[in-house]
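Structure record follows, encoded as C-alpha cells.
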Amino acid sequence: MEARYDGAMASSPDPVLELLRLLWGIEHGLQRASKRMSADLGITGPQRLVLRIVSRSPGISAGDVAHLVQLDPSTLTGILQRLVRKGLLRRERHPEDSRRVRLRTQPKARPFLRPSAGLVESAVAGVLADARPAELRHARAVLYRIAAALEGSNPASTRVTARRPRATGHAVGRH
C-alpha cells in the first residue's frame, strides 16, 4: 500500500487532526520498518539507531543516548541489554565514577553501522534530498516544537476539555 501525502492538510477542515493523522502514519511506518529489520537483520530500528549513535560517540553515557533518541531511560535500558546480549555493544564503567557506564560498539556491530538501501534512513535520505532547504527548515522547526510540546505534557494530568454528556437517566442512543 502506497502512502499518499498530497497536501490534503492545507484543505482539511481540521489541520490538527490532519497533522496528527500524518504523524501517526509516520509512526506506524516506522514500526512496520522496524519489524521488517528485525526479521531481515536481527535488530530493530531503535536498536540500529542506538548502535549508530554510540559508534559516532564512543564512550557516550546511556542517559545521553536516551536524550538523543528521545526514549525513556527504562525503554533504552531494554534496548541496551539486548544489544549487549547480542555482542554488538559493550558497557564499561566510567573510570572516575563507578556508578556511570560508558557505551562502545563491538566489532560484531560493524555490518549494522553501514548505510543500507531499503532501511528507514534511506527512505528519509531520499525525501530530504528532494526537499528544498526552506522546506526542511520549516518542517524541522514545526517537528521540534511538537516534540517539545509533547515532552512538556503529562497525559495523566492533562485536563480534558471536551464536554461529557449530562446524566439524564436516559440510556444513551435510546429515545
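The values are calculated or read from the model by the stated rules, or taken from the named source; none is laboratory data. Computed from a predicted model, the values in this text were never measured in an experiment. Note: ideal-geometry Cβ built from the backbone for every residue, glycine included; neighbour counts use all protein chains shown. Areas reflect the complete protein model, heavy atoms only, side chains present, ligands, DNA and RNA absent. Shrake-Rupley method; radii C 1.70, N 1.55, O 1.52, S 1.80 Å.
Please identify the pairs in which a residue from the range 140-154 that is within 14 Å of Q70 (Cβ to Cβ) has its Cβ atom under 9 Å from the Cβ atom of a residue that is at pLDDT 85 or above, counting only partners at least 6 apart or on another chain.
Going by the 9 Å Cβ cut-off, the qualifying pairs are L143/L23; I146/L19; I146/L23; A147/Q70; E151/Q70.
What pairs can you find where one residue is in the range 60-71 and free of Cβ contacts under 8 Å to residues at least 24 places away in the same chain and more than 15 Å from E151 (Cβ to Cβ), the other is assigned to a helix (DSSP H, G or I) and not hydroxyl-bearing (S, T, Y), and their Cβ atoms are less than 8 Å apart, with a gap of 6+ or different chains?
G63/P73
I'm told R145 meets every condition in (1) over 30 Å from E92 (Cβ atoms); (2) modelled with pLDDT of 90 or more; (3) surrounded by 11 or more Cβ atoms within 10 Å (Cβ to Cβ) except one. Can you identify the failing condition by its number?
(3)
For T105, indicate whether it is modelled with pLDDT under 90 and farther than 24 Å from L19 by Cα.
For T105, the condition - modelled with pLDDT under 90 and farther than 24 Å from L19 by Cα - is not met.
Filter the range 85-104 down to residues that are β-branched (V, I, T) and within 25 Å of L41 (Cβ to Cβ), then give me how many there are.
Of the residues in that region, 0 qualify.
Could you grab me the full set of residues in the range 103-124 that are hydrophobic (A, V, I, L, M, F, W, C) and exposed (fewer than 13 other Cβ atoms within 10 Å of the Cβ)?
Answer for the range 103-124, where residues must be hydrophobic (A, V, I, L, M, F, W, C) and exposed (fewer than 13 other Cβ atoms within 10 Å of the Cβ): A117, V124.
In the range 21-43, how many residues are without any contact (Cβ under 8 Å) to a residue 24 or more places away in the chain, under 14 Å from the mean Cα position of the chain (by Cα) and either farther than 28 Å from G87 by Cα or outside any helix (DSSP H, G or I) (or both)?
The number of residues fulfilling the criteria is 5.
Closer than 27 Å to K108 by Cβ, at pLDDT 90 or above and open to solvent by less than 100 Å² (accessible area, probe 1.4 Å): does that describe L19?
no
Could you check how many residues of the range 65-102 are under 24 Å from the mean Cα position of the chain (by Cα), open to solvent by 70 Å² or more (accessible area, probe 1.4 Å) and among the basic types (K, R)?
5
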